[in-house]
Amino acid sequence: VQLQASGGGLAQAGGSLTLSCTVSGRGVSNYGVGWLRQAPGKEREFVASISWNGDTTLYADSMKGRFTISRTNGRNTVLLQMNTLIPEDTAVYYCASALRSRAGSNADEYRYWGQGTLVTVSS
């Protein structure tokens, strides 16, 4: 199983970015996928997750209403639309796959990880 995250970059506060995660490998389209992030000097934190068929989504409280996770391309691409960005959103964003149809907020649930993509939000 492989995950490839892309779409990071520099954005101004109040702006938007869309991250993309391409998943490949046997059975991976049947697994829940999540986005987690790690800011400099901080622990990794949960952002959002989506079930294998896209029917169930979960968001961290601070992302609700600003971020939207979706799944497309035969369930092999997971997007994270980020709006109304704030400097506190600056972090390396990772996509990860669980080994079950739904993925929660605990980083320990995720078995496979992508390489991360850097998001920097300027004030």
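The values are calculated or read from the model by the stated rules, or taken from the named source; none is laboratory data. Note that the structure is a prediction, hence the values are computed from the model and not measured. With ideal geometry, Cβ positions are generated from the backbone for all residues, glycine too; neighbour counts draw on all protein chains shown. Surface areas here come from the heavy atoms of the whole protein model, side chains and all, with no ligands, DNA or RNA. Shrake-Rupley method; radii C 1.70, N 1.55, O 1.52, S 1.80 Å.
Values for this structure:
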item: Projected label distance in nm at Thr84 and Asp61, using a 7 Å step from Cα toward the beta-carbon; result: 1.6
item: Residue-normalised accessible area of the chain, expressed per residue, 1.4 Å probe, Å²; result: 50
item: Thr90 - accessible surface, heavy atoms, 1.4 Å probe, Å² rounded to 10; result: 40
item: Exposure of Leu58 as accessible area (Å², to 10), given a probe of 1.4 Å and all protein chains; result: 70
item: Whole-number percent relative contact order across the chain, with pairs defined as alpha carbons under 8 Å at least 6 apart; result: 37
item: In the stretch 24-108, GluC sites (Glu not before Pro) in a DSSP loop with at most 11 other beta-carbon atoms within 10 Å; result: Glu43
item: Positive minus negative residues near Glu43 (Lys, Arg vs Asp, Glu; Cβ under 15 Å); result: 0
item: Rg to Rh quotient for the chain, alpha carbon positions, Kirkwood Rh; result: 0.94
item: Two-site label geometry, Thr72 and Ala13: point separation in nm, points 7 Å out along Cα→Cβ; result: 3.1
item: Phi-based couplings in Hz for the stretch 89-99 (Karplus 6.51, -1.76, 1.60; Gly and Pro marked x); result: 7, 4, 4, 8, 9, 10, 9, 8, 10, 8, 9
item: The chain: most fluctuating residue of Ser24, Ser97, Ser105 per GNM, C-alpha cutoff 10 Å; result: Ser24
item: Accessible area of the chain belonging to carbon and sulfur atoms, whole % at 1.4 Å probe; result: 44
